[in-house]
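Asks: Handing you a structure now.
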Amino acid sequence: MKLKIMVLFIMIGAVRISSGQLPQDVYKKPLKEVLVDIEKKYNIKLEYEDKNVKGIDVNYSTWRYRTDIEATLTSVLGPADMVFQKKNDKVYIIAKFEYYRKPAEEGKRHLDKLLASYPTVADWEIRKVALRKCFLEQMRLSPIPKKTPLNPIFTPKRTMDGYTVENVAIETMPGVYLCGSLYRPLKGKGQFAAVLCPHGHFPSDDMNLYGRYRPDQQYRCATLARMGAVVFSYDMFAWGESLLQTKKEDHKTGLALTMQTLNSIRVLDFLTSLPYVDPNRIGVTAASGGGTQSFIVTAIDERISVSVPVVMVSASFFGGCPCESGLPIHSCTDLGTNNAEIAAMASPRPMLVVSETSDWTSTVPAIEFPYLKKVYGLYGKPENVENVHIENEEHNYGITKRLALYDFMARHLGLNIKAVQDKSGKVDESKCTIEKYETMLVFGKDGKMPETAVQGADAIWKVLKSLQ
């Protein structure tokens, strides 16, 4: 009997202990419930997606409240790795923290601080040298890998209206191949201007609408070739035929930033090695993630003489893909940097910045472009940087943006825009042939590569290190 009573007391004690709540349990509430309470308490409206707050709890929730609404939101959202942005006096937008994005106002303040640090062109030149050095170090390209033979592989040439196309693979490093299509003017022996055309993140289930095979990319390359330029359109790392050597997931790593930059440098080596290319007239253009590639290679390699980054130049957005911001290039120097300053490193070389109202480049006319004009003004050449800002279009490299490109490239690379104009003077892209995905492959449907081709990201990285 005594044993039974003792067991009973133990059980009662255990119940009492388990039912007693600790402070962190008493004050813990679902984030959704806390946000609803904050709206009532501060008489405001909070805008957010339910999926972003679902399943998240706030410890010591009511103790995080402050007299000021913004201090309260900072206290509540911070531990949940979330941020807020003021829409107006009564509305705040809540979202997950994104390391590659910050408020536009903060981007402007950063540009103002940067600009104040180089009041003269000499100061700016010193700054550019320091940034280039740091970029190469952070991208693990310092020292630059030893340049080895490119060993280009050409497929049979296809003749179109005013231009030709041939698929080409270049061996950017031993056993590592970069595939693309080389567009050439049909007439003339050169020397021709040349244009690098990487591509952006415009994925599709239809391979004919994917990467460098997209119609908008083909229109751009073919039209530039018809205007008198040699154009090389090439794959991003772990996209297109690059997937013969890598996995798709490898694109979401810092190695993609390293390899895409190195590949662009090697494309420059390839184009300038062609006897019919003028090494003093080299341009680059692409949109979105390709725009990032455009201004990075322009900042690093002065062989680029004209650049047209499209829908990507921003002081407050750094590119959401690790192939753009997955390595800490934006932390370079005590001042840090941003994509607008990286783009400015093209100065005083001609640059056209194409922006639009529907994405992160919506602030370019008010924030980024005035900054760029001031940087170019240090050289006394503010006219060398231009901005075309497009209303009510999607984030793409559509026809309106291409028309701006053709005009700018014609003026600064000495291309013949009349060759692509109709009788009314309007640029006509209808004579460009849009090819199917299979036609543009170097290694064909079977993907049969040279026996020397290395496989996997680790093997590629090993080859890179062996050249340093």
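The values are calculated or read from the model by the stated rules, or taken from the named source; none is laboratory data. Here the structure is a predicted model, which means the values were calculated and not measured. Heads up, the Cβs are rebuilt from the backbone with ideal geometry, glycines too, and the neighbour counts pull from every protein chain shown.
Asks: Take residues that are at pLDDT 95 or above and over 28 Å from Arg411 (Cα atoms) and tell me which of the strands (runs of 3 or more DSSP E) falling wholly in segment 158-233 contain 1 or more.
Replies: 163-173, 176-185
Asks: Moving on. State all residues of segment 46-71 that are touching a helix residue (DSSP H, G or I) at 6+ places or on another chain (Cβ under 8 Å) and surrounded by fewer than 12 Cβ atoms within 10 Å (Cβ to Cβ); if no residue qualifies, say none.
Replies: Asp50, Lys54
Asks: Right, another one. Which of the residues spanning segment 298-322 are within 14 Å of Leu196 (Cα to Cα) and outside any strand (DSSP E or B)?
Replies: To start, the set of residues in segment 298-322 that are within 14 Å of Leu196 (Cα to Cα) comprises 298, 301-310.
Selection gives Thr298, Asp301, Glu302, Arg303, Ile304, Ser305.
Asks: Within 30 Å of Leu464 (Cβ to Cβ) and in a loop (DSSP other than H, G, I, E, B): does that describe Leu150?
Replies: yes
Asks: Of all residues in segment 246-277, which are buried (at least 22 other Cβ atoms within 10 Å of the Cβ) and not in a helix (DSSP H, G or I)?
Replies: Result: Thr246, single match.
Let's see how each residue does on (1) within 27 Å of the chain's Cα centre (by Cα); (2) of a type in the set (A, V, I, L, M):
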residue	(1), (2)
Leu405	yes, yes
Met409	yes, yes
Ile417	no, yes
Asp422	no, no
Val427	no, yes
Lys436	yes, no
Leu441	yes, yes
Pro450	no, no
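Asks: Looking only at segment 380-411, count every residue that is among the basic types (Lys, Arg) and under 13 Å from Pro309 (Cβ atoms) and tell me the total.
Replies: Count: 1.
Asks: Further question on the same structure: Which pairs do you get when a residue that is in the same structural domain as Leu224 (by TED's automatic domain parsing), found in segment 281-308, comes within reach of a residue that is of a type in the set (Asp, Glu), reach meaning Cβ atoms under 7 angstrom, with the pair 6+ apart or on two chains?
Replies: Pairs found: Gly289/Glu324; Thr292/Glu324.
Asks: Name the residue, out of Leu413, Leu352, Leu327, that is assigned by TED's automatic domain parsing to the domain that holds Asp206, within 27 Å of Val121 (Cβ to Cβ), crowded, with 21+ Cβ neighbours inside 10 Å and touching a Gly at 6+ places or on another chain (Cβ under 6 Å). Break it down into steps so the answer makes sense when it comes.
Replies: Working: Leu352 fails: touching a Gly at 6+ places or on another chain (Cβ under 6 Å); Leu327 fails: within 27 Å of Val121 (Cβ to Cβ).
Just a single option satisfies the conditions, and that option is Leu413.
Asks: Could you tell me whether Ser288 is touching a His at 6+ places or on another chain (Cβ under 7 Å) and among the hydroxyl-bearing types (Ser, Thr, Tyr)? Before the answer, list the steps.
Replies: On the way: touching a His at 6+ places or on another chain (Cβ under 7 Å): yes; among the hydroxyl-bearing types (Ser, Thr, Tyr): yes.
For Ser288, the condition - touching a His at 6+ places or on another chain (Cβ under 7 Å) and among the hydroxyl-bearing types (Ser, Thr, Tyr) - is met.
Asks: Out of Leu141, Leu115, Leu111, I need the residue that is under 20 Å from Ile329 (Cβ atoms), aliphatic (A, V, I, L, M), outside the structural domain of Met259 (by TED's automatic domain parsing) and crowded, with 18+ Cβ neighbours inside 10 Å. Which one?
Replies: Leu111
Asks: Further, regarding this structure: So if I check each of Phe443, Phe408, which one is at negative phi, part of a helix (DSSP H, G or I) and in contact (Cβ under 8 Å) with a residue 12 or more places away in the chain? Step through it out loud before you land on a result.
Replies: Numbers: Phe443 fails: part of a helix (DSSP H, G or I).
Unique residue meeting the criteria: Phe408.
Asks: Could you check, for segment 285-293, whether at least one of its residues is in contact with a strand residue (DSSP E or B) (Cβ under 9 Å, 6 or more places away or on another chain), under 17 Å from Gln138 (Cα atoms) and in a helix (DSSP H, G or I)?
Replies: For segment 285-293, residues in contact with a strand residue (DSSP E or B) (Cβ under 9 Å, 6 or more places away or on another chain), under 17 Å from Gln138 (Cα atoms) and in a helix (DSSP H, G or I): present.
Asks: Do we have Val420 as of a type in the set (Val, Ile, Thr), farther than 18 Å from Ser305 by Cα, touching a Phe, Trp or Tyr at 6+ places or on another chain (Cβ under 8 Å) and at pLDDT 95 or above here? Reasoning before the result, please.
Replies: Values: of a type in the set (Val, Ile, Thr): yes; farther than 18 Å from Ser305 by Cα: yes; touching a Phe, Trp or Tyr at 6+ places or on another chain (Cβ under 8 Å): yes; at pLDDT 95 or above: yes.
It is true that Val420 is of a type in the set (Val, Ile, Thr), farther than 18 Å from Ser305 by Cα, touching a Phe, Trp or Tyr at 6+ places or on another chain (Cβ under 8 Å) and at pLDDT 95 or above.
Asks: Return the residue satisfying two criteria in turn: it lies in segment 330-343 and is in a helix (DSSP H, G or I) and touching an Asp or Glu at 6+ places or on another chain (Cβ under 9 Å), and of such residues it is nearest to Ala256 (Cα to Cα).
Replies: Checking each candidate, the answer is Asn339.
Asks: Of all residues in segment 165-192 being of a type in the set (Ser, Thr, Tyr) and in contact (Cβ under 8 Å) with a residue 60 or more places away in the chain, which is surrounded by the fewest Cβ atoms within 10 Å (Cβ to Cβ)?
Replies: Tyr177
Asks: Turning to a different aspect of this structure: Within segment 193-220, how many residues are surrounded by fewer than 24 Cβ atoms within 10 Å (Cβ to Cβ) and of a type in the set (A, V, I, L, M, F, W, C)?
Replies: Here the count works out to 3.
Asks: Let me ask something additional. Is segment 216-236 home to any residue that is in the same structural domain as Gln421 (by TED's automatic domain parsing), touching a residue at least 40 places away in the same chain (Cβ under 8 Å), over 21 Å from Leu271 (Cα atoms) and under 20 Å from the mean Cα position of the chain (by Cα)?
Replies: Yes, some residue in segment 216-236 is in the same structural domain as Gln421 (by TED's automatic domain parsing), touching a residue at least 40 places away in the same chain (Cβ under 8 Å), over 21 Å from Leu271 (Cα atoms) and under 20 Å from the mean Cα position of the chain (by Cα).
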